[in-house]
There are 2 protein chains.
Amino acid sequence: MLKEERFRVILSQLGQDHKVHLAELSNVLKVSEDTVRRDIKELADQGLLKSVRGGAVPHSPGPHHFKDRVEYGNEQKRIIANKALRFVKDGQVAIFDGGTSAMLIAQGLPKDMHLTVVTNSFPIASILEEHEKVEVLFAGGRLLKNSFVTIGNETIQYFRKFRADICFSGICSIHPELGVTGPDYEESEVKRAMVESSREIIALSTVEKLGTAEAYYVCPTNQLTTIITDQPDNLDVFEIYKSMGIKMV
Amino acid sequence: MLKEERFRVILSQLGQDHKVHLAELSNVLKVSEDTVRRDIKELADQGLLKSVRGGAVPHSPGPHHFKDRVEYGNEQKRIIANKALRFVKDGQVAIFDGGTSAMLIAQGLPKDMHLTVVTNSFPIASILEEHEKVEVLFAGGRLLKNSFVTIGNETIQYFRKFRADICFSGICSIHPELGVTGPDYEESEVKRAMVESSREIIALSTVEKLGTAEAYYVCPTNQLTTIITDQPDNLDVFEIYKSMGIKMV
DNA sequence: TTAAATATTGCAAATTATTGCAAATAGTAT
DNA sequence: ATACTATTTGCAATAATTTGCAATATTTAA
């Protein structure tokens, strides 16, 4: 088999799956992983792909570039996302935060739903590319590289300009008296801006986070409209929140 | 068997399989591998195919759906990017626009260079993820989905907040009297904001774009500091720009 | 932190290219 | 047809490239 044939296979699979693995290619092409590695290096030098540990990804970041970073395996979050989808209605303005839960919601949105989404998350913007009727308004700011979200004062100011119908905010700690809190100062500040810019606030959490608190304050608990967890809606721990007028799902 | 007949067979098989192997052809054509090699060399000289180790592949290689990626390897733009890299200095604040030229520059930046990059392009932000010492400030705004850049008033306002050292702006039309112009209204507006926020402005263009004009105005030509093209710096057409105090590279 | 997975490097074997050359072939003018 | 020349072909020696392997780093995940 010619080297060029291997190149074709590699690029072709990359075009299809948006990623290739060394071991897999080694099997398919019947050559050693070393050779595949060398092939990938050569293609990378030509700018045709980007070599990464264990394989390669497309070099020009297309629609799927950020999506592929997500772990979709988490069943809890998937349950939460499915529950959350019921709350979005056609024509709304929605704020999505940068967590993986919100990402799964975006992923699950009907392709023909008309929506305006305000977000500070590259992955979410990337996912919504395929949703033709969704207009994406992206919050500028300083880029947090590992998580691909923007933060900082600019981001906050951007969210403040909106009055959204609904806001999906990922897992923070929620405590009846201590309020909603998060582990990172700047991200918590951004979350507050999101929450304060929205009429309806859907908190996405797991039961373990209920009744706990962390260092940085986001908002009072009674500001939440709904708390979505991965559990049935009739747990005892939910009572205190229900009594505060929060819908538990 | 005539040489021409062999040529026919080779090209025919190439059209069918997108590849030919020396050993295989040697069998089919009943001639030595050396002869096949020489045949292929001759066809390659005529530009009818591309000779590779062990055989040959079509001259414009690869399936068509990779055209966009192949365009990435565009030699012209690579030349331009290499020239442009000399202008970036450690510690600067740089504005990058959303074109592929600017993308190639970002890609070529030394991994250890300390830099602040302001951009409205997802791909550029993504490329710069690996550059640990580069801080990325991302301009918010309405997301243009197909090209993954933000545009609109918000984007413009974001750029206006900066006073950058250097700005890399991709191919627009450049005319001595009519100024710098572009084919899209909103993108041209954003480009203007970028240009007006920077001390030094490096225009990335090809010689064909020089002396032409399009519908939407970006800035006066003499506002440009440098024009980088894929050609040597001593062309006659460059004189008019040099006389305006613009550095031609 | 350790343990596992992946990368890098150097190297020898296998494959393919290149070169020079002599024999075979084809073309041409007598 | 013959002699002559130019081209083509196959072969052999040599050079270059590619490939897989093993030993050694390096990175990642737990």
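The values are calculated or read from the model by the stated rules, or taken from the named source; none is laboratory data. No experiment lies behind these values; they were computed from the predicted model shown. As a convention, Cβ positions derive from the backbone with ideal geometry for all residues, glycine included, and neighbour counts pool all protein chains shown.
Find the residue count for region A:219-249, including only residues that are among the basic types (Lys, Arg) and not in a strand (DSSP E or B).
Going through region A:219-249 one residue at a time, the tally reaches 1.
As an exercise: evaluate B:GLY179 against (1) under 24 Å from A:SER126 (Cβ atoms); (2) in contact with a Pro (Cβ under 8 Å, 6 or more places away or on another chain) and give the number of the one condition it does not meet.
Every condition holds for B:GLY179 apart from (1).
Taking region A:96-146, which residues are within 21 Å of B:SER126 (Cβ to Cβ), surrounded by fewer than 24 Cβ atoms within 10 Å (Cβ to Cβ) and among the acidic types (Asp, Glu)?
A:GLU129, A:GLU130
Residue-wise test of (1) under 24 Å from B:SER121 (Cα atoms); (2) near DNA strand D (Cβ under 8 Å from one of its atoms); (3) modelled with pLDDT of 95 or more; (4) not aliphatic (A, V, I, L, M).
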position	(1), (2), (3), (4)
A:VAL31	no, yes, yes, no
A:VAL36	no, yes, yes, no
A:ASP45	yes, no, no, yes
A:LEU48	yes, no, no, no
A:HIS59	yes, no, no, yes
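I want to confirm something. Restricting to region B:166-186 and keeping residues that are touching an Asp or Glu at 6+ places or on another chain (Cβ under 6 Å) and touching a residue at least 60 places away in the same chain (Cβ under 8 Å), which single residue is surrounded by the most Cβ atoms within 10 Å (Cβ to Cβ)?
Filtering region B:166-186 for residues that are touching an Asp or Glu at 6+ places or on another chain (Cβ under 6 Å) and touching a residue at least 60 places away in the same chain (Cβ under 8 Å), the one surrounded by the most Cβ atoms within 10 Å (Cβ to Cβ) comes out as B:SER169.
Being of a type in the set (Val, Ile, Thr), more than 13 Å from DNA strand C (Cβ to nearest atom) and within 14 Å of chain B (Cβ to nearest Cβ) is the filter here; which residues of region A:4-32 pass it?
A:VAL9, A:ILE10
Right, B:VAL207: out of contact with any Pro (no Cβ under 6 Å at 6 or more places or on another chain), under 19 Å from B:VAL149 (Cβ atoms) and assigned by TED's automatic domain parsing to the domain that holds B:LYS145 or not?
no
Just checking: which of the strands (runs of 3 or more DSSP E) contained wholly in region A:77-189 hold 3 or more residues that are at the interface with chain B (Cβ under 9 Å from one of its Cβ atoms)?
Once the strands (runs of 3 or more DSSP E) in region A:77-189 are filtered for at least 3 residues that are at the interface with chain B (Cβ under 9 Å from one of its Cβ atoms), what remains is A:134-138, A:141-144.
Which one of B:ILE240, B:ILE228 is of a type in the set (Val, Ile, Thr) and closer than 28 Å to B:PHE138 by Cβ?
B:ILE228
Going through region A:34-43 one residue at a time, which ones are under 13 Å from A:ILE10 (Cα atoms) and either among the charged types (D, E, K, R) or within 10 Å of DNA strand C (Cβ to nearest atom) (or both)?
Residues satisfying the conditions are A:VAL36, A:ARG37, A:ARG38, A:ASP39, A:ILE40, A:LYS41, A:GLU42.
Name the pairs: first residue in region B:43-59 and surrounded by 14 or more Cβ atoms within 10 Å (Cβ to Cβ), second residue hydroxyl-bearing (Ser, Thr, Tyr), Cβ to Cβ under 9 Å, at least 6 apart or on different chains?
B:LEU43/B:SER51; B:ALA44/B:SER51; B:LYS50/B:SER60; B:VAL57/B:SER51
Which residue pairs have Cβ atoms under 8 Å apart, sit 6 or more places apart or on different chains, and have a first residue in region B:77-100 that is among the polar types (S, T, N, Q) and a second that is outside any loop (DSSP other than H, G, I, E, B) and at pLDDT 90 or above?
From region B:77-100, the pairs are B:GLN92/B:LEU115; B:GLN92/B:THR116; B:GLN92/B:ALA164; B:GLN92/B:ASP165; B:GLN92/B:ILE166.
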